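In what follows, a structure is listed as structure tokens, so that the remarks can point back to it.
The values are calculated or read from the model by the stated rules, or taken from the named source; none is laboratory data. Nothing here was measured: the structure is a model prediction, and the numbers come from that model. Please note: Cβ atoms are built from the backbone with ideal geometry, for glycine as well, and neighbour counts cover all protein chains shown.
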Amino acid sequence: MAKSSALKARCKLCGQDVSYGQLTRHLQKCVPDHPPASKGKPEPIRVVRLSASGMFLVLELPAKSKFFDLDDALRAIWLECCGHMSMFTVRENGEKVMYTADAEGGDSEGFYGWLPREKPMSSRIADVLQVGVKGEYEYDMGSTTHLKLQVLFEHMAPWPRGKPKVRLLARNLKPEYACDTCGQPAVHACAECVMEEGDFQRLKLFCQEHAEQHIADEHEDDDCVLMPLGNSPRDGVCGYEGTEEDELPYVWT
Ligand SMILES: [Zn+2]
Ligand SMILES: [Zn+2]
Ligand SMILES: [Zn+2]
Ligand SMILES: [Zn+2]
């Protein structure tokens, strides 16, 4: 199904394709050549990687940003289907802390020590997402998409006015899927039919032509069963219909 090309990254600043292992080193050189803005007062900017099953985004945002800013960008580029809840989990001084939209009332102490401490997403990332910190992000508490988060490095640069508070630096190349019928690139999965491959199951994949044939033959022309295959860990989950174009507002040089 997905080939190893999923572990190659496209640098959004210079357009070069880089292996996953080389990416951080590449960005440490490439970001200073393509700063977020060329004029203005330099400020600390954090570079963060979010990853899930072979897919990843590397984003940067000013250290003064809030968790909400990162949450907004992740939803817009990668995850949003129908406004589900989300949260970040980070360890602070050995203690698990959740950042949620619900904690707007303020900092909670946790529930008799059973639940992690909860803080609002309006908190700034500066003191929390420091270089080297690892954490998690979850979108949708039902059909949850889990992401791993790691802060890769920090640099100093001005941030432009009138641009989003998050910039996309690199992303995995779109996985190549093959049509189960003809082997050409697949663009749809059937939400109802699963293919059994040894010990695991997966959705059936189709090119445009065979997708149409499949729904005519098997699903009485009900095209609601077809889901687009994009480049997101949310592909095929809930009502997700995002495409790679969703990243465009977050990419600039
Ligand atoms: Zn580059
Ligand atoms: Zn949904
Ligand atoms: Zn086909
Ligand atoms: Zn089907």
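Going through VAL31, VAL47 one at a time, which residue ends up being among the β-branched types (Val, Ile, Thr) and within 20 Å of TYR137 (Cβ to Cβ)?
VAL47
Which of the strands (runs of 3 or more DSSP E) contained wholly in segment 165-230 include at least 3 residues that are in contact with a His (Cβ under 7 Å, 6 or more places away or on another chain)?
It comes to 226-228.
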Discussion item. Considering only segment 188-202, I want to know if a residue exists there that is polar (S, T, N, Q) and modelled with pLDDT of 95 or more.
Written reply: no
Discussion item. Among the residues of segment 156-179, are any of a type in the set (Phe, Trp, Tyr), within 16 Å of ligand 1 (Cβ to nearest atom) and in the same structural domain as PHE56 (by TED's automatic domain parsing)?
Written reply: no
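Every residue, every condition in (1) of a type in the set (Val, Ile, Thr); (2) within 30 Å of GLY15 (Cβ to Cβ), yes or no:
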site	(1), (2)
LEU70	no, yes
MET85	no, no
LEU115	no, no
GLU118	no, no
VAL128	yes, no
TYR137	no, yes
LEU147	no, yes
GLN150	no, yes
LYS165	no, yes
Fill in: Residue in segment 24-35 that is on the phi > 0 side of the Ramachandran plot and loosely packed, with under 14 Cβ neighbours inside 10 Å present
no
Worksheet, complete the sentence: For SER143, the lone unmet condition from (1) away from ligand 2 (no atom under 16 Å from the Cβ); (2) assigned by TED's automatic domain parsing to the domain that holds ARG49; (3) not in a strand (DSSP E or B) is (1)
Worksheet item: Which of (1) within 21 Å of the chain's Cα centre (by Cα); (2) away from ligand 2 (no atom under 16 Å from the Cβ) does ASP235 not meet, given it meets every other one?
Response: (2)
Worksheet item: What are the pairs, 6+ residues apart or on separate chains, where a residue within segment 153-174 that is touching a residue at least 40 places away in the same chain (Cβ under 8 Å) has its Cβ under 9 Å from a residue that is among the polar types (S, T, N, Q) and surrounded by 16 or more Cβ atoms within 10 Å (Cβ to Cβ)?
Response: PHE153/THR24; LYS165/SER65; VAL166/SER65; ARG171/ASN231; ASN172/SER51; ASN172/ASN231; LEU173/ASN231; LYS174/ASN231
Item to complete: May I ask you to verify whether SER53 is away from ligand 2 (no atom under 16 Å from the Cβ), surrounded by fewer than 18 Cβ atoms within 10 Å (Cβ to Cβ) and assigned by TED's automatic domain parsing to the domain that holds LYS119?
Response: yes
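For (1) of a type in the set (A, V, I, L, M, F, W, C); (2) farther than 24 Å from VAL18 by Cβ; (3) modelled with pLDDT under 95, each residue gets a yes or a no:
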{"residue": "VAL48", "(1), (2), (3)": "yes, no, no"}
{"residue": "ARG91", "(1), (2), (3)": "no, yes, yes"}
{"residue": "GLY94", "(1), (2), (3)": "no, yes, yes"}
{"residue": "ARG117", "(1), (2), (3)": "no, yes, yes"}
{"residue": "LEU129", "(1), (2), (3)": "yes, no, no"}
{"residue": "TYR137", "(1), (2), (3)": "no, no, no"}
Item to complete: Determine whether THR181 is exposed (fewer than 14 other Cβ atoms within 10 Å of the Cβ) and of a type in the set (Ser, Thr, Tyr).
Response: no
Worksheet item: Quick check, is PRO228 of a type outside the set (Gly, Ala, Ser), within 16 Å of ligand 2 (Cβ to nearest atom) and more than 20 Å from ALA73 (Cα to Cα)?
Response: yes
